[in-house]
1. Could you size up the charge dipole of segment 9-100 around its Cα centre, putting +1 on the beta carbon of Lys and Arg and -1 on that of Asp and Glu, and report it in debye to the nearest 20?
2. Toward the positive end of the charge dipole of segment 7-109, about the Cα centre and with charges on Cβ (Lys, Arg +1; Asp, Glu -1), which of Ile89, Ala24, Phe57 goes farthest?
3. Please state, as a whole number in µm²/s, the translational diffusion coefficient that the Stokes-Einstein equation yields for segment 30-82 at 10 °C and 1.306 mPa s, with Rh defined as the Kirkwood radius across alpha carbon pairs.
Amino acid sequence: MAQLVNLYSDTQTKPTAGMRRAIAEADVGDEQRFEDPTVRALEERLAELLGHDAAVFLSSGTMCNGIGFRVHLRPGGDEALVDRTSHPINFEAGGPAAISGAMLQPLEVLSVPTAPASLSPRWRPPDERRGGNGAPRGAGGRARAAAAAHWSPISTSTVQA
């Protein structure tokens, strides 16, 4: 029976002897200068499989997401609607905001076919983004107590205790 190779993460599958041998024997070069024949072959094969003129190798999902945000958001930042369980929400900290000006808005998207229905109620025209509302006195203390119960820091720069 063939061994399952999980490519979800580089920590999910231990390389076999054959994998290690292929890595050790691979022709290598500077991929930034298009001098790595192994990477070039991978990119060309993927472009062919997908029916595109070219493909580019990206070494991590976080890098892919970062490029995606930069390509699709307007200069100066924008709101990005993403599933609440997505990698950018849960594992990329403030990277999308810091690098691309992306304000992530979490959605409950149960499956790809239901995504449009999930987006419709959340879509807000730019003129409806008015900023925050003031919090009543004491709200900051209650928010700090709730955050502390979950070991979560909270900024109180805009909330009065």
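1. It works out to roughly 320 debye.
2. Of the listed residues, the answer is Ile89.
3. Using the Kirkwood radius from Cα pairs, D works out to 123 µm²/s.
Just so you know, all these numbers are worked out from the coordinates, no wet-lab data involved. From a predicted model like this one, the values you see are computed outputs, not experimental measurements. Don't worry about glycine lacking a Cβ; one is built from the backbone with ideal geometry, like all the others, and counts go over all protein chains shown.
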